[in-house]
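Participant: This is the structure I want to talk about, given as structure tokens.
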Amino acid sequence: MYRQLQRHLIQHIRSFLQAKYQLELDNIVVEQPPKIEFGEFALPLCFELARRLRKAPRKIAEEIVAELPPLDGFQAFEVAGGGYINARINRGRAAALVVEAQADMASAGQAGKILVEHTSINPNKAAHIGHLRNSILGDTFVRLLRSAGREVDVQNYIDNTGVQVADVVAGFVHLEKKSKAEIEKIMASTSKFDYYCWDLYAKVSQWYGEDKANLQVRLDTLHAIEHGGNELADIADLISTAVLLRHLETMERLGIEYDFLPRESEILHLNFWSTAFEQLKEKKVLYFETEGKNNGCWVMTRPGSEGSAEGPDEDAKVIVRSNGTVGYVGKDIAYHLWKFGLLGRDFGYKRFYRYPNGQDVWISTSPEDDELNHPHFGSVSEIYNVIDARQSEPQETVKEALRLLGATEQAEHYTHFSYEMVALTPRCALELGYEVSEEDQQKSYIEVSGRKGFGVKADDLLDKLILAAKAEVDSRHPELSDEERLAIARQIAIGALRYFMLKFTKQSVIAFDFREALAFEGETGPYAQYAVVRATNIFRKAGTTAEEILKDSADLSPYLEGETGTEIWALWLLAGQASTLIDQCIATTEPAYLAKYAFQLAQQFNNFYHRHHILTEADEGRKRFLLTTAAVVRRELIRVLAVMGITVPPVM
């Protein structure tokens, strides 16, 4: 409703300015007045017009208000302050729009497919708490885009030939002296092979630190994996595939799904890189350095550094090392040329995993294993890469390479969706069984490290959250079966985790804390879920449903006036702004705004619930109005939480 009326208002003002002043404003800003008593919209455009019309802002506002034709859905336009125009909407008409759900229908779908790449965990060990922030942010952004009518491909890039996989291979082969067959036996003996690799990875990191000569094993193993067609490469494929399956299972617990898993091995072996390399050399994006510290390397041209008489550009980005191996950024350039349909090559595709809903996850493969009738991936119009803030420089290098290749439009539609790390509060670390020094106990958070083995595995975190939620549900609802209580605990735990990861802005470091995340009061997932449960209970006790109430088309205007009506109208107005918030989250790549909105809507509903005794209201018309208010808020809260990947249990 809010967005719909705002668009009508902007178009109305634009047409009026053109007719009266022959003026066209590029952007007509619409704000909200500080108090709802002043109206629903505030227009500061007269301050901008003052310079062009050479009149005082308030004088212009008075002229516009005096001559502005009526607008359907609006009640009045008023001059405010030094030159604002406040707009009051017809509350009854607007409320009818909200009830009919015309208020918050998604944006019309735009042309062009969007690719969102997220998760992208190295397939060498179990997923940890930091990976969960990436996946939850990425999955929520996908849900935001789809709720706005966009077509989205979800991709999870698998670096199965990188140094982290090489480290685990080195651990199995050199530390544990295991053959491929023996590794397969270990895999068959445990349901959590990724946990085994977690411990081994920490041991290998320690082994490297004991003797620098051991690092040569890493380099030799990495080279063998990248080359392919040998025992070490086969072991790497075995390990990375098994760990990848575990990652998919972990993320599925959170309702996170993918469409396609492009693997780095195919980027190397299907000549993606060699094709991109030729393009980069032909367009002089890369040049071969013959002196200085980068002697023998292929480095990237830096705009403005060409023709320098000062010698070699020592700060140029190395894309191909002097030993002939291509760095991460080089492979990423090739991958992004494929994403935009600029490479001239494609993957082979085969089914890899199937979700309970029947959706297949596809994985890259060689052309000889390509399955017919696979979906089309790549050749998208926009890209969002959910990658942590530490990768800002490599991400910018890939964008710069696209610009230098002439793909300036594509570079403009390439967004690095960056975020900061996740740490633990000292209390959380202690609850997880870690030893925390007295010094660390005084810190606001403790950083985690996979290499050192100090971190929270994603599955362990989920299990502990579910266990804690189950204890609360058990105490509140002993009448339910254990299976029912466990299902409710899962919904609460997942809602708590997803909300906690989303409520902080992306550039904030998160210090995760169990008790804070699971709290039923405050800015938490359970608080928002409970508001929906509370609303549902109202309809159960009233002997009806929210859906039945919303079928009523009664005029609500009489109940939206006066002091009490205005207070309730503020709740209706907030409920009508969901689509505006979704648009804002997409435009700013910041899902935290939606989390804040969900909390505010739940909070205002709870205030409404305590102030108005719905079920004992004697006036039937007013009772119907109060029930309609609860039904509207319940519907919008369910919808917003669903965009955040949060479902609502039947009881809490």
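The values are calculated or read from the model by the stated rules, or taken from the named source; none is laboratory data. It should be emphasised that the depicted structure is a prediction, and the values quoted were computed from it without experimental measurement. Backbone-built Cβ (ideal geometry, glycine too); neighbour counts: all protein chains shown. Ligands, DNA and RNA are stripped out before the accessible areas are found, and what is left, the full protein with its side chains, is counted by its heavy atoms. Shrake-Rupley method; radii C 1.70, N 1.55, O 1.52, S 1.80 Å.
Participant: How far apart, in nanometres, would the label points at Ser508 and Thr545 be if each is projected 7 angstrom from Cα along the Cα-to-Cβ direction?
Facilitator: Here the answer is 3.8 nm between the modelled labels.
Participant: Continuing with this model, one more query. Please compute the modelled spin-label separation between His613 and Ser557, points set 7 Å along Cα→Cβ, answer in nm with one decimal.
Facilitator: Here the modelled spin labels are 3.1 nm apart.
Participant: Where the accessible area of the chain is counted over protein heavy atoms with a 1.4 Å probe, how much of it, in %, is carbon and sulfur?
Facilitator: 48
Participant: So for the stretch 308-430, taking the charge dipole from beta-carbon charges (+1 Lys/Arg, -1 Asp/Glu), which of Thr325, Pro426, Thr365 sits furthest toward the positive end?
Facilitator: It is Pro426, whose Cα lies furthest towards the positive end.
Participant: Which entries in Lys457/Lys506; Lys185/Lys339; Lys331/Lys506; Lys180/Lys350 show an alpha-carbon gap greater than 32 Å?
Facilitator: Lys185/Lys339
Participant: Projecting each Cα onto the charge dipole of the chain (Lys/Arg +1, Asp/Glu -1 at the beta carbon, about the Cα centre), which of Gln11, Ala334, Tyr414 comes out farthest on the positive side?
Facilitator: Going by the Cα projections, it comes out as Gln11.
Participant: Taking the Cβ-Cβ separation of Thr325 and Glu282 as r and a Förster radius of 25 Å, what is the calculated FRET efficiency to the nearest 0.05?
Facilitator: Working: r = 22 Å, r/R0 = 0.86.
Efficiency, rounded to the nearest 0.05: 0.70.
Participant: Would you compute, from DSSP H runs of 4+ residues alone, the mean residue ellipticity of the chain at 222 nm, taking -39500 (n - 2.57) per run and dividing by the full residue count, rounded to the nearest 500?
Facilitator: Values: 26 runs with 333 residues, N = 652.
Calculated mean residue ellipticity at 222 nm is -16000 deg cm²/dmol.
Participant: Expressed as a rounded percentage, what relative contact order does the chain have, with Cα pairs under 8 Å and six or more residues apart?
Facilitator: 14
Participant: Using Cα positions and a limit of under 23 Å, work out the lysines in reach of Lys20, with same-chain residues fewer than 8 apart set aside.
Facilitator: Once the sequence-local lysines are set aside, what remains near Lys20 is Lys55, Lys59.
Participant: Further question: Run the dipole for the chain about the Cα centre, Lys and Arg Cβ at +1, Asp and Glu Cβ at -1, nothing else charged, and hand back the magnitude in debye, nearest 20.
Facilitator: Rounded to the nearest 20 debye, it is 1340 debye.
Participant: Given Cβ point charges of +1 (Lys, Arg) and -1 (Asp, Glu) and nothing else, what value in debye, to the nearest 20, does the dipole of the stretch 440-596 about its Cα centre take?
Facilitator: Dipole about the Cα centre, nearest 20: 660 debye.
Participant: If you don't mind, another one. Report the relative contact order of the stretch 13-131, percent, no decimals, based on alpha-carbon pairs under 8 angstrom and at least 6 residues apart. Working shown, then result.
Facilitator: Values: 117 pairs, mean separation 21.5, N = 119.
Averaging sequence separation for qualifying contacts and normalising by length gives 18 percent for the stretch 13-131.
Participant: Now a separate question. Relative to the longest principal axis of the C-alpha atoms of the chain, give the angle of the C-alpha long axis of helix 328-339, reported between 0 and 90° and rounded to the nearest 10°.
Facilitator: Result, in degrees: 50.
Participant: Under a cut-off of 19 Å between alpha-carbon atoms, report the aspartates and glutamates in cross-link reach of Lys177, not counting same-chain residues fewer than 8 places apart.
Facilitator: Asp167, Asp194, Asp199, Glu210, Asp211, Asp220, Glu231, Asp234, Asp237
Participant: Could you give the nm distance between label points at Arg345 and Asn271, where each point is 7 Å from its Cα heading toward the beta carbon?
Facilitator: Distance between the two pseudo-spin positions: 0.7 nm.
Participant: List the aspartates and glutamates whose Cα lies under 20 Å from the Cα of Lys443, skipping any in the same chain that are fewer than 8 positions away.
Facilitator: Glu420, Glu431, Glu435, Asp513, Glu516
Participant: Further question on the same structure: Under the classification rounded if a/c is under 1.5, otherwise prolate if a/b is larger than b/c and oblate if not, where does the stretch 378-504 fall, given a ≥ b ≥ c as square roots of the Cα gyration tensor eigenvalues?
Facilitator: Here the stretch 378-504 falls in the oblate category.
Participant: Towards the positive end of the charge dipole of the chain, with charges on Cβ (+1 Lys, Arg; -1 Asp, Glu), say which of Tyr2, Leu465, Ala487 has the farthest Cα.
Facilitator: Value: Tyr2.
Participant: Taking R0 as 45 Å, what FRET efficiency do you get between Ile36 and Thr290 from their Cβ-Cβ distance, rounded to the nearest 0.05?
Facilitator: Numbers: r = 70 Å, r/R0 = 1.55.
Once the sixth-power term is evaluated, E becomes 0.05.
Participant: Moving to a separate point now. Helix 592-611 sits at what angle to the longest principal axis of the chain, using alpha carbons and giving 0 to 90 degrees rounded to 10?
Facilitator: The angle comes out near 40 degrees.
Participant: Is the chain rounded, prolate or oblate when judged by the Cα gyration tensor, a ≥ b ≥ c being the square roots of its eigenvalues, rounded requiring a/c under 1.5 and prolate requiring a/b larger than b/c?
Facilitator: Cα axes put the chain in the oblate bin.
Participant: So if each residue of separation counts as 0.36 nm, and I subtract the Cα-Cα distance between Glu484 and Thr564, what length gain in nm does that give? Could you put the intermediate results ahead of the total?
Facilitator: Working: separation 80, 0.36 × 80 = 28.80 nm, distance 4.03 nm.
Result for the pair: 24.8 nm of gain on full extension.
Participant: Compute the accessible area per residue over the chain, keeping the other protein chains in place, probe 1.4 Å, unit Å².
Facilitator: Ligands and nucleic acids excluded, the result is 43 Å² per residue.
Participant: In addition: Could you work out how much longer the chain between Leu219 and His477 gets when fully extended? Use 0.36 nm per residue separation minus the Cα distance between them, nm to one decimal.
Facilitator: Full extension of this stretch gives 87.2 nm more.
Participant: Further question on the same structure: What is the stretch 243-317 by shape, rounded, prolate or oblate, if you read a ≥ b ≥ c off the alpha carbon gyration tensor as root eigenvalues and call it rounded for a/c under 1.5, prolate for a/b larger than b/c, and oblate otherwise?
Facilitator: Prolate shape, in that a/c is at least 1.5 and a/b is the bigger ratio.
Participant: Now a separate question. By how many nm would the segment from His8 to Asp315 lengthen if fully extended, with 0.36 nm per residue of separation less the alpha-carbon distance?
Facilitator: Length gained, His8 through Asp315: 105.3 nm.
Participant: When only DSSP loop residues count, what trypsin sites (Lys or Arg not before Pro) in the stretch 30-69 have their Cβ near at most 12 other Cβ atoms within 10 Å?
Facilitator: Sites meeting the loop and neighbour criteria: Lys35, Arg54.
Participant: Order Ser579, Ser179, Ser322, most accessible first, counting only protein heavy atoms with a 1.4 angstrom probe.
Facilitator: I get Ser322, Ser179, Ser579, largest accessible area first.
Participant: Amide H of Gln75: which non-local residues (sequence gap of 5 or more, or other chain) have their own amide H closer than 5 Å, using H built in the peptide plane?
Facilitator: Arg88, Ile89, Asn90
Participant: If you don't mind, another one. So if R0 is 30 Å, what FRET efficiency would Leu25 and Ala66 give, r being the distance between their Cβ atoms, rounded to the nearest 0.05?
Facilitator: 0.95
Participant: Something else now. Met652 accessible area, nearest 10 Å², 1.4 Å probe?
Facilitator: 20
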